[in-house]
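Before any comments, here is the structure.
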Amino acid sequence: MFNTMTIAKVFGALFGSLAVYLLMAWTGNALFSVGRIGDDQTAAYVIETGSGAATEEASAEETPDFETLYAAADAAAGEKVFSKCKACHKVDGANAVGPHLNGVVDRPKASVGDFGYSEALLAMAGDVWSPENLNGYLENPKSYAPDNKMSFAGLPKVQDRANVIAYLAANP
C-alpha cells in the first residue's frame, strides 16, 4: 500500500504547503506593516484627541463618587443586578458555592461560621464589610483580595455596585 513514491508525495505535499505558507506570510509582512512607527518613519496623518490629562480630569468630574450614588441607590435595581450573583450566593441564609449574603453589609469579614473562606479573606477577618469595602470588592475581587476563591470578574459600573449594596443592606 505504501511505497516509496507515496511517501515522497506526502512529504512533498507537506513541505510544499509549508513553503507556500511561509511565502505568503513573508509577502503579507512586506506589504502590510503592523509594527510601531520607529524614529526613521513618520505617520501619514495624526488624529488629535486632546491632551490625555484633560480627558482623564473630565471623566473623573463626570462620574459621581460612590457615597453620593449609594445614598440615592435603588434596591429594586440592585435586585436585578444581583441576578449575576445568584449562581453562587443566596440571601435566604443558606450557603451555596459562596457564603450567604444576608446581613453582609456591616458584617465582619469571613464571619459565616460554616463556610470555608480563602486565605485572602481569612487574613481580613476582623475588618467589616462596610459599603465602601463592598464597593471595592465588587469592583474587582481579584485585586481587592488577591488569591480569593471568587471567580467573578466584578461589576464595572459604580451605579450597579451601589444598587447591589443597597439591595444587600435591605436583606438583613
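Laboratory data are not the source of any read-out in this text; all were calculated from the coordinates shown. Keep in mind that this is a model prediction, so the values were computed, not measured. Cβ coordinates were reconstructed from backbone atoms using ideal geometry, including for glycine residues, and neighbour counts include every protein chain displayed.
Things worth noting here:
- ³J(HN,Hα) computed for each position of region 8-20 - Karplus, 6.51 cos²θ - 1.76 cosθ + 1.60, integer Hz, glycine/proline x: 5, 5, 4, 5, x, 5, 5, 5, x, 5, 5, 5, 5
- Phi-based couplings in Hz for region 97-104 (Karplus 6.51, -1.76, 1.60; Gly and Pro marked x): 4, x, x, 5, 10, 5, x, 5
- In this rough spin-label picture, where each label sits 7 Å from Cα along the Cβ direction, the Ala25-Asp74 distance is 5.3 nm.
- Given Lys84/Lys109; Lys109/Lys157; Lys84/Lys142, the pairs whose alpha carbons are separated by over 19 Å: Lys84/Lys109; Lys109/Lys157
- Per-pair calculated FRET efficiency, R0 = 25 Å: Glu132 and Cys88 via Cβ, rounded to 0.05: 0.65
- Label-to-label distance, nm, for residues given as Asn95 and Ser118 (7 Å Cα→Cβ offset): 1.6 nm
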